[in-house]
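Taking it in order: structure first as structure tokens, then the write-up.
The values are calculated or read from the model by the stated rules, or taken from the named source; none is laboratory data. These figures come from a predicted structure and were not determined experimentally. Counting neighbours? That spans all protein chains shown, and the Cβs are built from the backbone with ideal geometry, glycine included. Surface accessibility is based on the protein's heavy atoms, side chains included, excluding ligands, DNA and RNA. Shrake-Rupley method; radii C 1.70, N 1.55, O 1.52, S 1.80 Å.
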Amino acid sequence: MRIGQFSETFYPIVDGVGRVVYNYANTLGAGGDECYVVTPQVDTGYRGCWPFEMVDYAASPVIAAPQYRSGIAVLDRHYVERMDNIKLDIAHAHTPFFAGQEALRQCSKQNIPLIGTFHSKYYDDFYKATHAKLIANIGVKLVVDFYDKCDEVWAVSESSAVVLRDYGYTGNIIIMENGTEFRPVLEQDKLAAAARFGIDLKHPVFLFVGQINWKKGIMRLLEAASYLKLQNERFSLVLAGQGPDEEAIRKKARELDVEDRVIFTGHIADTHTLDGLYQCATLFTFPSLYDTFSLVMREAAAMYTPSVVTEGGAASEPIIHGENGLLCKDDGTELGKLLLRYMHDDEAVRRMGVNAHDSIPKPWQDVIARARRRYQALSESSGSEEMTARHAQIKEKLMEWSERLAEYFNIKL
């Protein structure tokens, strides 16, 4: 099959959605499908050794998040000419925004099905960026409008499906979890990571991996660290990643007098280093209630490291408390007490790690095999009267939108 993966983020920006898209494209391409990743251009240069093609379009830094880039694909003539020569069987959008709108345009143009995956709590993002409930609600309506136009909608967890329902989407939702890349557990990775970041392995290590952003529940980690320090416990809290709130989080660590226990690693792009950090951790601590799916918790489990997550969050769905991980209330002191209970119980941690490895992660090959069956079923429905009529309506609206943009930017379509 010829499959387009449309994403607002991709390598070298390594966030959760970008990594998901990479694994979709990589696994599909390695399995013999013709796969294309359509995404904003971040840099140029040699991109060999991938079993898929990257088709990027001109983009600029996002004002509120300069580590990301975005753009309007139809305004990039070079991109349009390339895509005119690519005939897809199906498109899969991992965003409702500009890249998702381009997926809609391609589907209406080529009369092919569109799958939309719901990945994030967009209301939270809109509200944090604008501090205006009205604007956040308008943004959510636009998100729902996008998914209403898709031929099939996927959510990455039961929790994310509930969020999309709460936003107002009433159509059918298929739960399509993300997979995990299983890699060898190498002792040298652990020792190298500990040496690089100055992690004392003689004492318990708690690890967080993700955006250094308050929405990830990092306040609870700092509060738990403060509690443990007051109990005269020796430990390290490792925060691996980058994000907009790093300076504020460093300041809070100083205020809580745990700065000496917190290690900031910065962005981790190398998988050996990341795997080493997972192995260094006594427990992987992920208190986020924002995430709709946790790749990093599953990666930790693949390295035999159990997780502590917050009750009611999407990350808690596969956790059986005390068996393959730990559940905690959304409270820093309670988290600290739970960590204190288990941080020196090596046997319980080891047992939970083995159970986590065996029960939580799913190989990407299994996930993609199921996804491909859905691709095939939808592709076979291409050209139906219902789909053709819907695409004609979408095409008319998108052409009007494109013409207005082209006129504004003085570009000939």
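Within the set ASP245, ASP270, the sole residue that is closer than 23 Å to TYR68 by Cα, within 23 Å of the chain's Cα centre (by Cα) and open to solvent by 50 Å² or more (accessible area, probe 1.4 Å) turns out to be ASP270. Within segment 324-350, the set of residues being open to solvent by 90 Å² or more (accessible area, probe 1.4 Å), charged (D, E, K, R) and assigned to a loop (DSSP other than H, G, I, E, B) comprises LYS329 only. Out of curiosity, is VAL14 modelled with pLDDT of 85 or more, of a type in the set (Val, Ile, Thr) and out of contact with any Lys or Arg (no Cβ under 8 Å at 6 or more places or on another chain)? It is false that VAL14 is modelled with pLDDT of 85 or more, of a type in the set (Val, Ile, Thr) and out of contact with any Lys or Arg (no Cβ under 8 Å at 6 or more places or on another chain).
The sole residue among GLU102, GLU158, GLU81 that is within 17 Å of the chain's Cα centre (by Cα) and among the acidic types (Asp, Glu) is GLU158. Can you find a residue in segment 138-153 that is free of Cβ contacts under 8 Å to residues at least 40 places away in the same chain, in contact with a strand residue (DSSP E or B) (Cβ under 9 Å, 6 or more places away or on another chain) and of a type outside the set (Gly, Ala, Ser)? There is at least one residue in segment 138-153 that is free of Cβ contacts under 8 Å to residues at least 40 places away in the same chain, in contact with a strand residue (DSSP E or B) (Cβ under 9 Å, 6 or more places away or on another chain) and of a type outside the set (Gly, Ala, Ser).
Among residues of segment 355-375 that are closer than 16 Å to ALA30 by Cα, those with a Cβ under 7 angstrom from a residue that is acidic (Asp, Glu), sequence gap 6+ or separate chain, pair up as TRP364/GLU181; VAL367/GLU177.
Residues SER288, SER307, SER316: which one is touching a helix residue (DSSP H, G or I) at 6+ places or on another chain (Cβ under 8 Å), crowded, with 18+ Cβ neighbours inside 10 Å and over 19 Å from PRO204 (Cβ atoms)?
Working: SER307 fails: over 19 Å from PRO204 (Cβ atoms); SER316 fails: touching a helix residue (DSSP H, G or I) at 6+ places or on another chain (Cβ under 8 Å).
Among SER288, SER307, SER316, only SER288 is touching a helix residue (DSSP H, G or I) at 6+ places or on another chain (Cβ under 8 Å), crowded, with 18+ Cβ neighbours inside 10 Å and over 19 Å from PRO204 (Cβ atoms).
Exactly one residue among GLN188, GLN279 is assigned to a helix (DSSP H, G or I) and farther than 27 Å from LYS337 by Cβ, and that residue is GLN188. Scanning segment 200-221 for residues being assigned to a helix (DSSP H, G or I) and either of a type in the set (S, T, N, Q) or crowded, with 21+ Cβ neighbours inside 10 Å (or both) gives a total of 4. When ALA369, ALA300, ALA356 are checked against the criterion of being surrounded by fewer than 20 Cβ atoms within 10 Å (Cβ to Cβ), in a helix (DSSP H, G or I) and not acidic (Asp, Glu), a single residue qualifies: ALA369.
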